[in-house]
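Have a look at the structure below before the remarks.
The values are calculated or read from the model by the stated rules, or taken from the named source; none is laboratory data. In this text, all values refer to a predicted model and were calculated from it rather than measured experimentally. Counting neighbours? That spans all protein chains shown, and the Cβs are built from the backbone with ideal geometry, glycine included.
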Amino acid sequence: MTKKKALITGITGQDGAYLSKLLLDKGYQVYGLLARRSSPTIWRLEYLKVLDKVTLLEGDLTDIASISRALLASEPDEVYNLGAQSFVATSWEQPLLTAGATGLGALHILEALRQVRPQARFYQASTSEMFGKIQEPMQSEKTPFYPRSPYGVSKLFAHWMTINYRESFNIFGCSGILFNHESPLRGIEFVTRKVTDAVARIKLGAQDKLALGNIDAKRDWGFSGDYVEAMWLMLQQDAPDDFVVATGRTTTVRDMCRIAFDHVGLDYEKYVVIDPRFYRPAEVEVLLGNPAKAKAKLGWEARTSLEDLMRMMVDADLARVKRELRP
Ligand code: NDP
Ligand code: GDP
């Protein structure tokens, strides 16, 4: 039997690494779009020991020619568009770059698919940030959107383009509206990883304080390793559809800190200081997803609790910081 082939944009990111591992374990041939950077970005693929098992093709979401070439070279059955400028705070500093990579980038792929690989199934990495100023206490696929950042607006454009290409050109396009998901591979600028890195440094005597912004914000946090399974499941269905992927539990940044510091026997209140530099021009105060449709139709459920997730991340950061501090 010939192997199924997948092309992943954003393969060097958190989800790209976990999805590569999942697809390789399922017997896929995995290709990834690798954006040119001045320093290497492959550490996550090394961490999960998949770097030598994937094929990297040079290309950038803002360059449709490179995407078409990657599609022609890989001839994928499935395309996962995980590439994005994904950090909300940066999207106010670089709104045009964000719109280009996160918004228009998705359209570049859809248009390239339409032209050179219309039979491939397409996954778009949509986000709970599209709900922004929430219009319902628990957000589902039917909740109206109200994005609050250039990132959220760009993702909403990509989300509707995915639906439009599905309805206009019969592209098998699915949009996964994923709530925040984390792991030891999360970028250090995101709040969970910033906290677990600080917990490790404080515990090992390499840092005194942790400066945060709005610690009353609430998020529905899950584990990236669980969430990439939902992406794959969406593309295995008989018909394309959109799904919320979440845990159904929301927690303040404050309580997430408490859980992380507790794990090493420290009291977060002694270390966390508030620095208004980390406040955002417009905040998403609370997100809470309703994963009922994903459970009913995909048979998917989050398996990792926030407590287990924070312990996993703190332990990984303790091991890493210990290595870094070794003389
Ligand atoms: P990361 O920020 O870890 O990864 C983003 C990836 O996109 C990196 O591989 C990056 O490459 C790549 N990329 C950025 N710009 C370009 C470009 N112009 N051309 C090609 N590639 C580019 O994100 P995550 O893995 O956490 O998230 C995956 C996707 O899911 C993203 O689209 C994100 O917005 C979305 N999402 C994430 C959620 C989360 O909680 N993690 C929640 C909901 C949605 P490089 O390494 O070279 O910078
Ligand atoms: P986001 O939900 O995609 O924006 O993920 P983040 O992890 O970046 O932020 C989650 C929440 O934590 C937001 O409401 C932030 O305002 C809040 N937060 C509070 N302090 C910080 C901080 O120092 N860094 C980050 N990244 N977020 C913070």
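Given the condition β-branched (V, I, T) and within 16 Å of ligand 2 (Cβ to nearest atom), answer yes or no: does some residue in segment 151-162 qualify? Yes: segment 151-162 contains one or more residues that are β-branched (V, I, T) and within 16 Å of ligand 2 (Cβ to nearest atom). Scanning segment 209-255 for residues that are in a helix (DSSP H, G or I) and within 15 Å of ligand 2 (Cβ to nearest atom), we see that the one that is surrounded by the fewest Cβ atoms within 10 Å (Cβ to Cβ) is D255. Scanning for something more than 9 Å from ligand 1 (Cβ to nearest atom) and either within 23 Å of E182 (Cα to Cα) or under 20 Å from the mean Cα position of the chain (by Cα) (or both), does segment 66-78 turn up at least one residue? Yes, some residue in segment 66-78 is more than 9 Å from ligand 1 (Cβ to nearest atom) and either within 23 Å of E182 (Cα to Cα) or under 20 Å from the mean Cα position of the chain (by Cα) (or both). Looking across segment 80-108, the residues that are within 10 Å of ligand 1 (Cβ to nearest atom) and closer than 17 Å to R69 by Cα come down to Y80, N81, G83, G105, A106, H108.
Out of the residues in segment 271-327 that are of a type in the set (F, W, Y) and within 24 Å of the chain's Cα centre (by Cα), state the one that is surrounded by the fewest Cβ atoms within 10 Å (Cβ to Cβ). For segment 271-327, the residue satisfying everything is Y279. Scanning segment 119-140 for residues that are closer than 23 Å to D238 by Cα and in contact with a Phe, Trp or Tyr (Cβ under 7 Å, 6 or more places away or on another chain) yields a count of 3. For F179, indicate whether it is closer than 18 Å to S74 by Cα and buried (at least 24 other Cβ atoms within 10 Å of the Cβ). No; evaluated as a whole, the condition is false for this residue.
Restricting attention to segment 281-290, does a residue exist that is closer than 22 Å to V321 by Cβ and in contact with an Asp or Glu (Cβ under 7 Å, 6 or more places away or on another chain)? The answer is no; no qualifying residue exists.
Please count how many residues of segment 166-182 are more than 11 Å from the chain's Cα centre (by Cα) and within 19 Å of S140 (Cβ to Cβ).
Final tally of qualifying residues: 2.
Among the residues of segment 91-139, write down those that are more than 17 Å from W160 (Cβ to Cβ), of a type in the set (D, E, K, R) and either over 20 Å from the mean Cα position of the chain (by Cα) or surrounded by fewer than 17 Cβ atoms within 10 Å (Cβ to Cβ) (or both). Listed by number, the residues that qualify are E93, R117, K133, E136. Answer yes or no: is there a residue in segment 143-162 that is in the same structural domain as G13 (by TED's automatic domain parsing), without any contact (Cβ under 8 Å) to a residue 12 or more places away in the chain and either surrounded by 16 or more Cβ atoms within 10 Å (Cβ to Cβ) or part of a helix (DSSP H, G or I) (or both). Scanning segment 143-162 turns up at least one residue that is in the same structural domain as G13 (by TED's automatic domain parsing), without any contact (Cβ under 8 Å) to a residue 12 or more places away in the chain and either surrounded by 16 or more Cβ atoms within 10 Å (Cβ to Cβ) or part of a helix (DSSP H, G or I) (or both). Scanning segment 128-146 for residues that are within 12 Å of ligand 2 (Cβ to nearest atom) and either touching a Lys or Arg at 6+ places or on another chain (Cβ under 7 Å) or at pLDDT below 95 (or both) yields E129, M130, G132.
Per the listing A302, A260, the residue uniquely in contact with a helix residue (DSSP H, G or I) (Cβ under 7 Å, 6 or more places away or on another chain) and within 15 Å of ligand 1 (Cβ to nearest atom) is A302.
Residues that are within 8 Å of ligand 1 (Cβ to nearest atom) and basic (K, R) within segment 166-190 comprise just one, R186. Scanning segment 60-90 for residues that are among the small types (G, A, S), surrounded by 19 or more Cβ atoms within 10 Å (Cβ to Cβ) and under 22 Å from H159 (Cβ atoms) yields G83, A84, S86.
Among the residues examined, E167 qualifies as without any contact (Cβ under 8 Å) to a residue 12 or more places away in the chain and acidic (D, E).
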